[in-house]
Structure formats: structure tokens, C-alpha cells
Amino acid sequence: NGEIVGEGVVRSLTPAMVNFRDIINPKIEAVDIRDGVGYGISVVNTVHAEITNVSVVNLQDSLTTLGIAVHSLTSNGTTVKGFYAENVAHAADANSVGGRLDWPYLAPYGADIGLSVTDAVAYGTRNFAFSWHSESIAGSFDNVMAFDSYGFLMARGIGGSMNTSGGAGNERGIVFYEFGFRDASQISLQHLFLKETQLYGSIAILGPSDN
């Protein structure tokens with residue numbers, strides 16, 4: 001419980017305000033995070049992290065890192081329940097990064113599996129409010145809303161789902177983007193409602209399929 005307040009100063013190297021790395025079953029609950037740079041909550045190479053009733057407000061982008069409220073990287077079963085994000089790049093995002101073939105640290109290898117976000121509201125995001133990168137597998141967004149944001153959903157990865165969600169006043173709706181080979185596939189969207197979207201409700205880039 002409590003509040004975490006950043007300095008709001010952009011530096012060449014900016015750590016996450018909350019960092020779960022290489023652990024099992026970490027939990028954070030009823031915390032307000034604000035005025036930071038880079039990631040609000042970063043979950044890296046971690047299993048079954050639980051993030052409950054958290055708000056993340058006013059995250060700037062650093063020189064190397066977007067101001068992402070909740071970021072899950074190469075983790076399994078990250079769960080977010082009850083969440084508010086405002087003036088950030090993404091409210092929630094899942095991805096992985098590449099590493100050298102001989103790199104002994106395991107975190108850069110493999111997918112981010114099963115990021116689950118429920119009961120979330122995003123306002124005024126600078127990029128797509130909710131996002132899966134190509135390395136996301138079986139991520140889910142349920143009962144999430146976005147308002148007055150750059151975009152609603154960036155749908156990449158494999159096997160993602162979004163249900164009973166929507167938004168209003170966003171510039172863009174949903175993008176299916178085959179960034180990598182067979183990317184943006186097996187994605188299921190059900191019971192979505194978008195209104196007052198300025199540019200497009202949905203669009204496919206390159207050749208996403210089986211959605």
C-alpha cells in the first residue's frame with residue numbers, strides 16, 4: 001500500500017519505478033505510482049506476478065525506454081486486476097527482447113506468456129493503450145477501456161484475446177500488425193465497442209491471418 005513518486009527527470013539510464021525480476025509470485029497492491037520516467041511496473045523473467053488496484057500516472061519516455069505503466073517481458077502469468085493509467089505511452093504491454101546466442105542470462109530468451117489485464121481504464125495514452133508485441137503468447141485484456149488516447153489496441157503476437165471492452169474519443173481503434181512471420185494470428189476479439197474514433201476502427205497491416 002502507499003504511493004511511489006518519481007523525480008520526473010529524464011536520464012540516460014532510468015530504472016523502473018517498481019521492478020520484479022527473476023522471482024516467483026511477487027505481489028503489489030493498492031499503490032499509486034506517478035511522475036516517473038520509463039516503466040512504472042516492470043515484470044522481467046518472472047512467474048505469476050500479481051498487480052492489484054494500482055494506478056500509474058504521468059510517465060515520461062526516457063532516452064531508451066517508453067513510459068509504459070505495466071510492462072511484462074519474458075514472463076509467465078503476469079496478472080493485473082483493477083488498474084488505472086493516465087498520460088503514459090502504453091497502459092499495458094507485453095514483449096521480449098533478443099540476446100546474443102552465448103548470453104548466460106536467460107531473461108532475453110522466449111516469449112511473454114499469458115499477460116492478463118482485467119478491469120482497467122486508460123486515459124490520454126501517447127501510444128496504443130493496450131499492446132501485445134510479436135513475442136506475446138496468449139495475452140488477454142478483459143473489461144478494459146481507453147479514452148482520448150492515440151489508439152486502443154495494438155494486436156500482435158499469437159493467441160491474444162480481448163473481451164467486453166471499448167473506448168471513446170481515441171484517434172485509432174485496433175491494429176492487426178504482422179510485424180514478424182505469422183505474427184498477429186489466432187487473436188480473438190469479442191464484445192467490443194468503440195465510438196468517436198477519429199481515424200479508423202480497425203486496420204490490418206501486412207498479412208495477419210487466422211483471427
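Could you list, in sequence order, all residues of the range 181-210 that are open to solvent by less than 90 Å² (accessible area, probe 1.4 Å), touching a strand residue (DSSP E or B) at 6+ places or on another chain (Cβ under 9 Å) and in a loop (DSSP other than H, G, I, E, B)?
Listed by number, the residues that qualify are Asp183, Ala184, Ile187, Thr197, Pro208.
Which of the residues that make up the range 44-54 are open to solvent by less than 10 Å² (accessible area, probe 1.4 Å), in a loop (DSSP other than H, G, I, E, B) and not polar (S, T, N, Q)?
Ala49
So which of Ser42, Ser62, Ser55, Ser96 is closer than 16 Å to Ala120 by Cα and among the hydroxyl-bearing types (Ser, Thr, Tyr)?
On the way: Ser42 fails: closer than 16 Å to Ala120 by Cα; Ser62 fails: closer than 16 Å to Ala120 by Cα; Ser96 fails: closer than 16 Å to Ala120 by Cα.
It is Ser55.
Out of Ile33, Ile41, report the one residue that is surrounded by 20 or more Cβ atoms within 10 Å (Cβ to Cβ) and under 13 Å from the mean Cα position of the chain (by Cα).
Step by step, each of Ile33, Ile41 is checked, and only Ile41 is surrounded by 20 or more Cβ atoms within 10 Å (Cβ to Cβ) and under 13 Å from the mean Cα position of the chain (by Cα).
Looking only at the range 24-38, count how many residues are at pLDDT below 95 and part of a loop (DSSP other than H, G, I, E, B).
Total satisfying the criteria: 1.
The values are calculated or read from the model by the stated rules, or taken from the named source; none is laboratory data. These numbers were taken from a predicted model, which means no experiment stands behind them. When we count neighbours, we look across all protein chains shown, and the Cβ atoms used for this are built from the backbone with ideal geometry, even at glycine. We work out accessible area using only protein heavy atoms, side chains counted, and drop any ligands, DNA or RNA first. Shrake-Rupley method; radii C 1.70, N 1.55, O 1.52, S 1.80 Å.
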